Amino acid sequence: MVAQIDLGEGDAGFKVGDGAAAVLLIHGLTGTPTELRKVAQGLAKRGYSVYVPTLPGHCGDNADLQATRWTDWYAGVQRAFEGIRQRHRQVFVGGLSMGSVMSMYLASQYPGQVAGLLLYSTTLRYDGWNMTRWAVFTPLLMAIPFGVHLCKFVESSPYGIKNPRLRAIVEKQMKEGQSDAAGLLMMSGVSVRELHRLIAATKRGMPALTTPALVLHSAEDDITSRWNADYIERKLGGPVRKVLLDNCYHMITVDLQYRTVIDLSADFMDDQVRSGARATPGDLQQACALAS
């Protein structure tokens, strides 16, 4: 029986391509699968099956998002991954911003079962050039009583996009409330708190995570500086291929260099597929379990 793959509520989630190896791509916090469509289509043309689910609480309004926790977002990713694993022998996992963090956490929970990581504009802290200087203090604010209700982020121009034409389209969509196409304009303190909890859980597992990773980050990122990419390079336990892009902002999957993102990602995955994706203790344990 063919596994049913859960792509989340609504019709924003999608699947493209029909390759033997699969890619699970995870959108960002307050984001939408649309922000990964161009990359997904490009990877499908390079021979991969690409799945992009909608995370729980997303593509609605802020009340929908605040009703969920990071564990709910992860549960949605986990359901999609387990369905994909039943259909494909090799599965790569990646994401944009918070989706990148979630990718690392998922891989840490499934040792030996993720062929490689695609980490786009990873958000471990909000420290880009367009962020308020107070953003780095949000973890402290969350620690005080009622701090979660004092903190929120309202996106402002350039909205992570250097391409002026695309930026104008996205701004119009967000201000008109088209959350399924452009995401939410504001992120509440509750969602920020949940992101910090996910980041903390992910950081704890990074040194033991040996999955090969491609780290793509803009040198001009307006939301998360290159410090985030450098941190992954220092802390991740497996091999890291890091590339800094020079003509885009945070939303590298739709901005001026999205074609470069596609090419670098496909080349990285092609290398892993050719090498059979390095065997790990997790692979051996899985093989023994299947044999028994």
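The values are calculated or read from the model by the stated rules, or taken from the named source; none is laboratory data. This structure is a prediction, so every number in the text was calculated from the model and none was measured. Please note: Cβ atoms are built from the backbone with ideal geometry, for glycine as well, and neighbour counts cover all protein chains shown.
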Fill in: Residues that are more than 25 Å from residue 9 (Cβ to Cβ) and of a type in the set (Gly, Ala, Ser), drawn from region 79-117
108, 112, 115, 116
Practice prompt. State which residue pairs qualify: first residue farther than 13 Å from residue 7 by Cα and modelled with pLDDT of 90 or more and inside region 47-65, second residue surrounded by 24 or more Cβ atoms within 10 Å (Cβ to Cβ) and β-branched (Val, Ile, Thr) in any location, beta carbons under 8 Å apart, and separation of 6 or more residues or different chains.
Written response: 48/23; 49/23
Worksheet entry | Subset of region 89-136 (residues that are of a type in the set (Phe, Trp, Tyr) and over 9 Å from the mean Cα position of the chain (by Cα)) | 92, 105, 110, 126, 129, 134
Worksheet item: Restricting to helices (runs of 4 or more DSSP H) lying wholly in region 13-102: which have 3 or more residues that are more than 17 Å from residue 253 (Cβ to Cβ)?
Response: 62-66, 70-87
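Condition check ((1) among the aromatic types (Phe, Trp, Tyr); (2) under 16 Å from the mean Cα position of the chain (by Cα); (3) over 22 Å from residue 120 (Cα atoms)) across all residues:
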site	(1), (2), (3)
10	no, no, yes
21	no, no, no
24	no, yes, no
30	no, yes, no
34	no, yes, no
39	no, yes, no
49	no, no, no
67	no, no, yes
73	yes, yes, no
Worksheet entry | Selection from region 1-46 of residues that are closer than 25 Å to residue 171 by Cβ, surrounded by fewer than 17 Cβ atoms within 10 Å (Cβ to Cβ) and touching a residue at least 24 places away in the same chain (Cβ under 8 Å) | 10, 38, 41
Worksheet item: Just a yes or no: is a residue in region 153-160 of a type outside the set (S, T, N, Q), over 29 Å from residue 13 (Cα atoms) and at pLDDT below 85?
Response: no
Practice prompt. Filter region 195-230 for residues that are hydroxyl-bearing (Ser, Thr, Tyr) and either modelled with pLDDT under 95 or over 23 Å from residue 269 (Cβ atoms) (or both) and give the result.
Written response: 224, 225
Worksheet item: Would you call residue 270 under 14 Å from residue 97 (Cα atoms), surrounded by 14 or more Cβ atoms within 10 Å (Cβ to Cβ) and more than 16 Å from the chain's Cα centre (by Cα)?
Response: no
